[in-house]
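Participant: Supplied in structure tokens, the structure appears directly below.
The values are calculated or read from the model by the stated rules, or taken from the named source; none is laboratory data. Everything numeric in this text was worked out from a predicted model, so none of it was measured. Here the Cβ positions follow ideal geometry from the backbone for every residue, glycine too, while neighbour counts run over all protein chains shown. Ligands, DNA and RNA are stripped out before the accessible areas are found, and what is left, the full protein with its side chains, is counted by its heavy atoms. Shrake-Rupley method; radii C 1.70, N 1.55, O 1.52, S 1.80 Å.
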Amino acid sequence: MSNFIIKRPETIFNLFSSISKLNGVGEKRFTILKNKIGPYIINILFYLPVKAIDRFRNTSLRTIEHGSIITCDVEVVEINIPPFNFRKKNNISRIITFGLNKEKHIRLDLIYFGQNTQYLKNIFKVGNKIVVSGKFESFSGIGQIVHPEYVAISSETNSIPKIETIYPLFLGLNQKFISKLINESLKKIPNFEEWLSEEIMIKLNLPNWKESIIKIHNPDNISDCEITSNYRKRLALDELTANQISMLLIKNKISKVHIHRKYDANRDFLKELYNILPFKLTENQNVVVNEILLDLQSDRTMIRMLQGDVGSGKTIVALISMLSAISDGSQSVLLVPTEILAIQHFNTISELLKPLNIEVCLLLGESKSNYSKKDRLAVIENISNGTIKIIIGTHALISKKVNYKNLSLAIIDEQHRFGVKQRVEITEKGKNVNILVMTATPIPRSLALTAYGDMNISTITEKPKGRKPIKTYVLPQSKIGEVLQSIKRAIANEALIYWVCPLIEESENLDLIAVNERFEYLKSYFKDYNISLVHGKQDKLERENSINDFKKGKSKILVATTVIEVGVDIPDATIMIIECAERFGLAQVHQLRGRVGRSDKESSCILLYKTELTPIAHSRLKILKDTNDGFAISEHDLILRGPGEVLGSKQSGNIDFKFVDLHIHSDLIELARKEALNLIKYDKEHVKINTLLSIFENNEAIQLLKGG
Ligand code: ADP
Ligand code: MG
């Protein structure tokens with residue numbers, strides 16, 4: 001999507017004025033704030049408190065616990081302020097007070113270290129009745145507050161906030177400064193025309209947007225700024241509504257027009273395919289195939305997600321869909337994230353289609369190409385003149401240089417590796433392109449809706465018959481000797497083994513060192529056998545040879561980086577070793593583990609961990625050990641690590657929510673969808689929609705709104 005100047009509704013200009021104009025924000029502070037929070041007033045308003053403190057809960061001095069915040073009325077009875085001494089930095093001043101009213105005989109000391117003594121003398125006088133607020137500590141039996149946060153004459157308690165919100169701090173900016181910025185910003189909020197429907201406002205008894213923002217920063221009660229409050233709920237609903245509007249706009253962009261293309265489900269090659277398949281489709285696969293074929297035959301373009309755990313057999317469903325789509329003479333593409341997977345799919349599919357006399361081509365990036373430059377150009381030419389009907393490839397498929405005669409179906413495999421951008425780009429390669437996205441990371445419904453909108457979803461829940469659950473073991477690295485022993489026995493019994501090496505953060509080169517070292521070590525350990533190596537920096541031929549040797553059983557162990565995470569399908573491999581498993585995401589380990597258990601043989605997966613495990617790391621590995629169900633695993637991931645982990649990095653950018661917590665607000669998603677539909681239908685001038693999208697800085701969607 002090209003650069004684009006965002007035209008926001010005039011009513012919200014104030015919210016997008018620079019925070020550099022706020023009092024006390026000079027150049028230096030502006031840079032800090034801009035980097036940490038954002039440059040605009042709206043960013044400050046969305047900077048949420050981590051908690052609120054009730055300074056007036058009137059806890060009695062008698063029962064107060066060490067460490068809690070207290071606000072109480074006291075009378076000053078004695079002042080011990082040593083003469084100010086520059087050399088002695090830690091001058092201790094002690095103001096002795098006694099509780100007022102019912103607390104009469106209870107002593108509370110106010111302690112100051114190295115404070116300007118004149119200042120203390122000015123504010124404390126024996127006999128003064130004051131209110132103090134701060135953290136209570138009990139020290140040798142005497143209550144004290146060190147550096148009280150607030151001290152006020154009893155008649156002027158207004159200067160102490162009843163409920164104080166506490167913000168995350170950074171780089172020398174303190175609470176009072178941030179509060180001041182926020183309060184100044186709150187004054188700049190205009191009054192909006194309500195964008196939510198009256199129906200929902202009444203049904204959920206919601207406050208308006210302005211009030212909600214104000215109350216989250218200046219709550220009347222502690223509960224006002226808690227995540228379950230009604231104010232928070234209102235803001236979460238707004239955020240979800242903005243999200244759903246974006247999803248609908250994307251969907252409209254993809255599926256705008258009615259089409260008059262019909263697929264011919266009775267073509268011979270479709271029937272023939274079923275005859276030559278080495279297996280029968282499961283019932284579940286049949287259901288899913290039918291859902292897709294119905295979509296293809298309807299007069300709307302399809303946008304469907306096919307989700308099914310690793311090894312559930314999505315590829316064949318994709319192939320049947322592609323053959324159906326091309327039955328009217330049009331073209332189909334299968335877009336995948338990695339070359340290894342592209343090659344794998346190409347091999348499987350061209351093998352299957354050989355007897356049917358249907359030509360398939362593989363298109364990789366220019367430098368990675370399997371063809372000579374000349375042949376590659378010929379392939380691209382044949383794609384554009386429509387001779388080739390089925391095309392499998394990586395990102396090259398959406399490159400500017402590749403054009404299609406009549407693309408009717410695009411299947412995106414391992415969809416979580418792609419972003420919305422690619423989904424839109426591939427549809428722009430043809431007219432009314434049907435979209436099928438496939439994912440092996442089953443996504444909880446709440447996430448699916450926020451990440452994909454109202455895309456239709458097909459799910460494969462059962463695996464092909466005879467599959468046994470993969471036995472998973474979690475062991476410390478120190479047990480590697482025993483692991484090697486058992487591998488030796490397994491190899492003698494014809495087993496093929498994947499050995500995945502640790503992922504070292506953000507450094508492909510370090511990954512390579514680790515994987516090479518392990519490769520050398522295993523080679524010397526298993527002298528009698530061949531061992532192969534595969535990683536991202538090999539050239540194509542080298543990598544293909546490694547995988548082929550392993551596939552044919554010529555080599556017994558395939559040492560690999562995570563390049564094998566998706567797609568690699570070698571049913572004879574039955575053992576998976578993953579080193580430093582604690583460093584991977586749950587979904588990723590589950591995907592890797594899915595490389596085994598692809599036949600009716602028993603399979604196992606050994607997760608080795610290196611470091612002392614934190615309780616969270618421990619519970620994560622335990623989940624993997626206890627369940628083979630990808631759906632359950634991604635639910636856990638969602639709880640433990642948030643949406644980014646579940647959706648993959650490319651997707652999580654879309655749903656980096658500020659107010660929404662998917663556990664607490666998941667029942668708002670459907671409501672938000674209704675609101676979004678409503679707004680798209682009735683807000684003809686797009687003022688409300690634009691306001692909402694602007695507030696949440698959904699800039700890509702605003703662009704779609706403008707028909708960009
Ligand atoms: P994924 O859903 O992870 O992409 P694949 O499509 O790679 O799974 O299928 C996994 C394995 O299961 C492949 O070897 C495939 O040939 C096999 N398979 C798929 N469907 C069936 C079936 N109905 N019966 C038996 N094996 C099947
Ligand atoms: Mg697959």
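Participant: Suppose we look only past 42 Å in the calculated P(r) of the chain. What percent of the Cα-Cα pairs does that tail hold?
Facilitator: Working: 110927 of 250278 pairs.
Within the chain, distances greater than 42 Å cover 44 percent of Cα pairs.
Participant: Computed from the mean reciprocal separation of all distinct C-alpha pairs, what Kirkwood hydrodynamic radius does region 269-460 have, in Å? Could you put the intermediate results ahead of the total?
Facilitator: On the way: mean 1/r = 0.0596 Å⁻¹.
Taking every pair of different Cα atoms in region 269-460, averaging 1/r and inverting gives 16.8 Å.
Participant: Oh, and also: Rounded to the nearest 0.05, what FRET efficiency do Tyr473 and Ile222 have when you use their Cβ-Cβ distance and R0 = 30 Å? Write out the running numbers ahead of the final one.
Facilitator: Working: r = 47 Å, r/R0 = 1.56.
So, using R0 = 30 Å, E works out to roughly 0.05.
Participant: Per residue of region 438-444, in order, report the coupling 6.51 cos²θ - 1.76 cosθ + 1.60 (Karplus, θ = phi - 60°) as ³J(HN,Hα) in whole Hz, putting x for Gly and Pro.
Facilitator: Couplings: 10, 9, 9, 9, x, 10, x Hz.
Participant: For Ser138 and Glu10 in the same chain, what is the full-extension length gain: residue separation times 0.36 nm, less their Cα-Cα distance, in nm?
Facilitator: On the way: separation 128, 0.36 × 128 = 46.08 nm, distance 5.55 nm.
My answer for the length gained is 40.5 nm.
Participant: What ranking, highest mean first, results for peptides 421-428, 683-690 when packing means the other Cβ atoms within 10 Å averaged over each residue? Could the numbers behind the result be given before it?
Facilitator: On the way: 421-428: 18.2, 683-690: 16.0.
Most protected by this proxy first, the peptides run 421-428, 683-690.
Participant: What is the gain in length, in nm to one decimal, between Phe279 and Ala632 on full extension, counting 0.36 nm per residue of separation less the C-alpha to C-alpha distance? Don't jump to the answer; show the numbers that get you there.
Facilitator: Values: separation 353, 0.36 × 353 = 127.08 nm, distance 2.82 nm.
Roughly 124.3 nm would be gained on extension.
Participant: Of Gln285, Thr315, Val424, which is farthest towards the positive pole of region 269-460's charge dipole, taken about the Cα centre with +1 and -1 on the beta-carbons of Lys, Arg and Asp, Glu respectively?
Facilitator: My answer, from the dipole projection, is Val424.
Participant: Compute the long axis of helix 373-384 from its Cα atoms, compare it with the longest principal axis of the Cα atoms of the chain, and write down the angle in degrees, 0 to 90, nearest 10.
Facilitator: Compared with the principal axis, the helix lies near 90 degrees.
Participant: Of Lys251/Lys405; Lys51/Lys210; Lys401/Lys684, which pairs sit farther than 32 Å apart, going by alpha carbon to alpha carbon?
Facilitator: Details: Lys251/Lys405 23 Å; Lys51/Lys210 20 Å; Lys401/Lys684 38 Å.
The answer is Lys401/Lys684.
Participant: Another one. In this model, which of Lys21/Lys121; Lys468/Lys556; Lys135/Lys176; Lys271/Lys431; Lys280/Lys622; Lys354/Lys400 are farther than 25 Å apart at the alpha-carbon?
Facilitator: Checking Cα-Cα distances, Lys21/Lys121; Lys271/Lys431; Lys280/Lys622; Lys354/Lys400 exceed 25 Å.
Participant: What residues have an amide H closer than 5 Å to that of Ser603, excluding those fewer than 5 places away on the same chain, when H is modeled at 1.01 Å from N in the peptide plane?
Facilitator: For Ser603, the qualifying residues are Lys471.
Participant: For a Förster distance of 41 Å, can you work out the FRET efficiency between the beta-carbons of Asn183 and Glu103, rounded to the nearest 0.05? Working shown, then result.
Facilitator: Details: r = 33 Å, r/R0 = 0.80.
Approximately 0.80, to the nearest 0.05.
Participant: Could you tell me which residue out of Pro83, Ile575, Ala236 lies farthest along the dipole of the chain toward its positive end? Charges go on the beta carbon: Lys and Arg +1, Asp and Glu -1, centred on the Cα centre.
Facilitator: Pro83
Participant: Scan region 25-67 for trypsin sites (Lys or Arg not before Pro) in coil per DSSP, keeping those whose Cβ has at most 16 other Cβ atoms within 10 Å, and list them by number.
Facilitator: Details: sites: Lys28, Arg29, Lys34, Lys36, Lys51, Arg55, Arg57, Arg62; in loops: Arg55, Arg57, Arg62.
For trypsin sites (Lys or Arg not before Pro) across region 25-67 that sit outside H, G, I, E and B with at most 16 neighbouring Cβ atoms in 10 Å, the list reads Arg57, Arg62.
Participant: If the only charges are +1 at each Lys and Arg Cβ and -1 at each Asp and Glu Cβ, what is the size of the charge dipole of the chain around the Cα centre, to the nearest 20 debye? Spell out each step's value before the answer.
Facilitator: Values: 95 positive and 80 negative charges, 219 e Å.
Dipole size: approximately 1060 debye.
Participant: On to the next question. Report, to the nearest whole %, how much of the accessible area of region 56-160 belongs to carbon and sulfur atoms, 1.4 Å probe, protein only. Walk me through the numbers on the way to the answer.
Facilitator: On the way: 3140 of 6290 Å².
That share works out to 50 percent.
Participant: Could you work out [θ]222 nm for the chain from helices alone, using -39500 (n - 2.57) per DSSP H run of at least four and dividing by all its residues? Round to the nearest 500 deg cm²/dmol.
Facilitator: On the way: 25 runs with 268 residues, N = 708.
Computed mean residue ellipticity for the chain: -11500 deg cm²/dmol.
Participant: Leaving out ligands, DNA and RNA, what percent of the accessible area of region 257-415 is carbon and sulfur, probe 1.4 Å?
Facilitator: Here it works out to 51 percent.
Participant: Run the quick spin-label model on Gln297 and Ser68: label points 7 Å from Cα toward the beta carbon, then report their separation in nm to one decimal.
Facilitator: Label-label distance for Gln297 and Ser68, simple model: 6.9 nm.
Participant: Next question, about the same structure. Could you go through region 670-678 in sequence order and give the Karplus-derived ³J(HN,Hα) for each residue, using 6.51 cos²θ - 1.76 cosθ + 1.60 with θ = phi - 60°, rounded to whole Hz, and x for Gly and Pro?
Facilitator: 4, 5, 4, 5, 4, 4, 4, 4, 4
Participant: Let me ask something else about it. Using a cut-off of under 13 Å, list every residue of region 394-416 whose amide N is near the label point 7 Å from the Cα of Tyr371 along the Cα-to-beta-carbon line.
Facilitator: Output list for this probe position: 397, 402-403.
Participant: Solvent-accessible area per residue for region 471-627 at a 1.4 Å probe radius, Å²? It would help to have the intermediate numbers written out before the result.
Facilitator: Numbers: 7170 Å² over 157 residues.
On a per-residue basis, region 471-627 sits at 46 Å².
Participant: May I pose another question? Quick one: putting +1 on the C-beta of Lys and Arg, -1 on the C-beta of Asp and Glu, what dipole do you get for region 474-615 around its Cα centre, in Debye to the nearest 20? All intermediate terms of the calculation are to be shown ahead of the outcome.
Facilitator: Values: 19 positive and 21 negative charges, 93 e Å.
With Lys and Arg at +1 and Asp and Glu at -1, about 440 debye.
Participant: Right, something else. With unit charges on the beta carbon (Lys/Arg positive, Asp/Glu negative), name the residue among Asn174, Leu679, Val474 whose Cα is farthest towards the positive pole of the charge dipole of the chain.
Facilitator: Asn174
Participant: Per 0.36 nm of contour for each residue apart, how much would the distance between Leu204 and Asp667 grow if the chain were fully extended, relative to their Cα-Cα spacing? Kindly include the intermediate steps, with their values, before the conclusion.
Facilitator: Details: separation 463, 0.36 × 463 = 166.68 nm, distance 1.18 nm.
Stretched out fully, the Leu204 to Asp667 stretch lengthens by 165.5 nm.
Participant: Right, something else. Once phi is turned into θ = phi - 60°, what whole-Hz ³J(HN,Hα) does the Karplus curve with 6.51, -1.76 and 1.60 give for every residue of region 306-321, x standing for Gly and Pro?
Facilitator: Going residue by residue, I get 9, 10, x, 4, 3, x, 7, x, 7, 4, 5, 4, 4, 5, 4, 4 Hz, with x marking Gly and Pro.
Participant: Let me ask another. If you rank Tyr525, Tyr119, Tyr231, Tyr167 by how much accessible surface each has, with a 1.4 Å probe, what is the order from largest down? Intermediate values should be presented prior to the final figure.
Facilitator: Values: Tyr525 60, Tyr119 110, Tyr231 35, Tyr167 5 Å².
Solvent-accessible surface, decreasing: Tyr119, Tyr525, Tyr231, Tyr167.
Participant: What distance in nm lies between label points placed 7 Å from Cα along the C-beta direction at Thr117 and Ala617?
Facilitator: Those two pseudo-labels are separated by 5.3 nm.
Participant: With N set to the residue count of region 471-627, report its C-alpha Rg divided by 2.2 N^0.38 Å to two decimal places.
Facilitator: 0.97
Participant: Would you mind working out the accessible area per residue for region 269-460, using a 1.4 Å probe, and quoting it in Å²?
Facilitator: Values: 6830 Å² over 192 residues.
Ligands and nucleic acids excluded, the result is 36 Å² per residue.
Participant: So, with +1 on the Cβ of K and R and -1 on the Cβ of D and E, and no other charges, what is the size of the charge dipole of region 350-441 about its Cα centre, to the nearest 20 debye? Show your work: numbers first, answer last.
Facilitator: Working: 14 positive and 9 negative charges, 55 e Å.
My answer is approximately 260 debye.
Participant: Which far-off residues, 5 or more places away or on another chain, put their amide H under 5 Å from the one on Gly313, with H placed in the peptide plane?
Facilitator: none
Participant: Then there is this: Ordering Val50, Val566, Val151 from largest to smallest accessible area (1.4 angstrom probe), what's the sequence?
Facilitator: Accessible-area ranking of Val50, Val566, Val151, largest first: Val50, Val151, Val566.
Participant: Please calculate the 1.4 Å probe accessible area of Glu482, with all protein chains present, and give it to the nearest 10 Å².
Facilitator: Looks like 120 Å² after rounding.
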